[in-house]
1. Show which lysines lie in cross-link reach of K324 when reach means a straight Cα distance below 23 angstrom and same-chain residues fewer than eight apart are skipped.
2. With charges only on Cβ, +1 for K and R and -1 for D and E, what is the dipole size of the chain about its Cα centre, in debye, rounded to 20?
3. Got a number for carbon plus sulfur as a percent of the stretch 211-271's accessible area, 1.4 Å probe?
4. Rolling a 1.4 Å sphere over the protein heavy atoms, what is the accessible area per residue of the chain, to the nearest Å²?
5. List the lysines whose Cα sits under 30 Å from the Cα of K273, skipping any in the same chain fewer than 8 residues away.
6. What nm distance separates the two modelled labels at S90 and L286, each placed 7 Å from Cα along Cα→Cβ?
7. Tell me the relative contact order for the chain as a rounded percent, counting alpha carbon contacts under 8 Å between residues six or more apart.
8. Taking the chain as a Gaussian network, Cα atoms linked when under 10 Å apart, which of N105, N234, N166 shows the biggest mean-square fluctuation?
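The values are calculated or read from the model by the stated rules, or taken from the named source; none is laboratory data. Quantities reported herein were computed from a predicted structural model and do not represent experimental measurements. Counting neighbours? That spans all protein chains shown, and the Cβs are built from the backbone with ideal geometry, glycine included. Please note that ligands, DNA and RNA were not included when accessible areas were found on the heavy atoms of the full protein model with its side chains. Shrake-Rupley method; radii C 1.70, N 1.55, O 1.52, S 1.80 Å.
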Amino acid sequence: MKRILVAGGGLIGIRHVRAVIEHPGCVLVGLADPDGSIQIDAPRFASMDEVKGPVDGVIIATPTRLHAEHGILAASRGWHILIEKPVAASVDDALRLRTAVRQANVSSLVGHHRRYHTTLQQLKEVIAQGTIGQVINVSLLWAMRKPESYFEQNWRTSDGSPVMINLVHDIDVMRFVIGEISDVVALPGASIRGSDRIESGAIAIAFENGATGTISFADTAPSPWGFEAGTGENPNIGTTHQDMMWITGTSGAVSFPSMTLWRGKDWGTAAQKDQLARPEQQRAPLEAQLDHFLDVIDGAPPLIDVEDAARTLEVTSRIEQGLKVRTTRARAPA
């Protein structure tokens, strides 16, 4: 029975707490969070420093700016770590955390939970098997309108860009399915809410294997297109079951999450449609991630560790910085 501590009692932290409580393979040591008003049926600690008993692993769901600090502290105590995405606030912080994990000889897992979607794993296998031939390009669309309450009286008011909050997931999906990203170019969209916060834009992507791709994103536009809406993974976002990613290759194409496969030869003949049978999702991704974390504590190789997640963060940070630079230039006086 693994002894698991959760650090951070926000929305995702409480979901982790519930998952640990309900899992037959582990026991909840408690919740570490300075907010004493959070009510759970488990021991409470103001910080990880207050935890004196034995801990096998800690799930770190604190604010991103604290990820590296808390991960390094956990590693110094010999605790294996599952840390929420993004792995850290900066690439430098992620590399410091990577060093600490290595020196402490503990295992790390990063909460890019979409990798546990069985349909996404199926897509990765379809691509790897060459079912659509050599990948040529990928197009991804994420368009949601976040309610105004999302930005009220919290850090998102000034720093709630959907790039680091939302697109970091999509970048990781592309890396997981298509391959490593070698270059990105980003263009910001118009400001709808009248703030300096990035709200929308377009991104061009080059992969090391020669494929290219695009992402179009907005948190100001209600639409049926986005990973959460298409897969129904988030209970706070309406489910539409619409595709949001389209991948073409030299022998055909596939769309996700419907897993609609198209095979063709050239433009003289219409591509033929085939519906792939999708595997059943036996465990919710967050639960499957916890299953895997317990295995990682026992020595299994992590699906995505700090070093791997740092590469996702590096790409996402380049996109964020590119958008900020272009936005600043566009608003500068002539």
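1. K85, K146
2. The dipole of the chain has a size of about 460 debye.
3. 57
4. The answer is 47 Å² per residue.
5. Reachable lysines: K124, K265.
6. 3.1
7. Contact order relative to length: 18 percent.
8. N234
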